[in-house]
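The values are calculated or read from the model by the stated rules, or taken from the named source; none is laboratory data. Being a predicted model, the structure only gives us computed values, none of them experimental. Cβ atoms come from the backbone with ideal geometry, glycine included; neighbour counts cover every protein chain shown.
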Amino acid sequence: MAGMSFEEYVQAYYGGTLGIAKRYGIKKADDAFITTSPAEAFNTMYGAAVFNQLNTKSEVFKLLKKEAWTQSGWRALTARHTTTKGLAEGAAFGDTDHPDLAEVSATLKEIVTPWEVSTKAELLSEADDGIKGILNFLRTESAEAHSYYIDDMLTKSAEANSDGSTGAGLAGVNFESLDRVTADSDYAADAQSPCNSQDDCDMYGLDITSETWFNAGYTHFTGDGTNNALALSDIDGGISALLENGLDYNNLILLTGYDTYQNLKQLMQASTGAAWNYNLAGAGAGSENGVTGEAGLNFDSRVGAYDGIPIFLSQHIPKDGASRIYMLDSSALAMRIAAPTTYVDNQNLAVLQKLSKEFAFVTAGELIAYQRSTSGSIRDLTA
């Protein structure tokens, strides 16, 4: 797997030439295709279709660059070399130094969307009052649900449980969240933040209060439990803070909800005195991981730009009063994938010992934040 591009990794996975693929029932590409084992071909086809959907139709997952899961950890720079200096003629080098590094490790997550169909339901699906082709119907619906809830995990509020309730919001067995990536230690420590009591803003087992090098670069919030109206200075201040932390301006994207986007559009119109420019082709059009969009036409993708920074929208962004704004360094974030989406089934009634068939879509990986200091967020916005 070392040296493979992500595209090669995916092809090898679906071709069955990676050992890990056998866990989910994918056959080797050179295995004979015989009448007693047609399911593997469908496993590959259905799984690949859903993974393609995640990469093209989702609102959040598609924005993140993809990497093959070749290792669980990485080294992060926590402090720079400090002894660089001018030297007088003939003087000794003096004390030496080295950069400080930390080992960071992520846990592989397996996300599953299971469903079950009884033989009775399948038989009745062909009756006049039944759902025709119930297996295909449920497979399609489950594929959409798999994509939907992966996006939901990737934006889950840092102070929310996986079931949506507040408190103890650590990701657990779910994918990590961009909301946690962009929450700094001040937000975590604030009395009004539910992160305070549960350390819900920590990631990968690192306490951001003590491991300050792994802190988010900018988190704008009120600190008194109220919401304030969005101001352009909130965005400008965040951009400045992230640039000072080493952000490459060309790697910055904004991700927010439809309501905050409308507020931002009105602010821009009031500031410039001109209507919002929907012609992206002439207004800094671009793409992120191949994702492009035309404002006003494709609202699950990019719909505009702020000072040349692409804006993307999602229905999943957490709301205080209005949707939060995530300011993301796209170069420092990735979805590390061990197993692209795989379709698995068990239709052997004798093995199941019941008159029903079981199915599932499985995606294995994790959201990786190599650096948090170049990403941030704006919170506590008025609806």
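Quick rundown of the values:
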read-out: Any chance S301 is modelled with pLDDT under 80, polar (S, T, N, Q) and in contact with a Lys or Arg (Cβ under 9 Å, 6 or more places away or on another chain); value: yes
read-out: Pair list, Cβ < 8 Å and 6+ apart or interchain, from the range 324-345 residues that are over 25 Å from A158 (Cα atoms) to residues that are in a strand (DSSP E or B) and among the basic types (K, R); value: D345/K357
read-out: I253 vs. criteria surrounded by 14 or more Cβ atoms within 10 Å (Cβ to Cβ), at pLDDT 80 or above, under 23 Å from the mean Cα position of the chain (by Cα) and not in a helix (DSSP H, G or I); value: yes
read-out: Which numbered condition W213 fails, given (1) assigned to a helix (DSSP H, G or I); (2) under 30 Å from S105 (Cβ atoms); (3) at pLDDT 90 or above; value: (3)
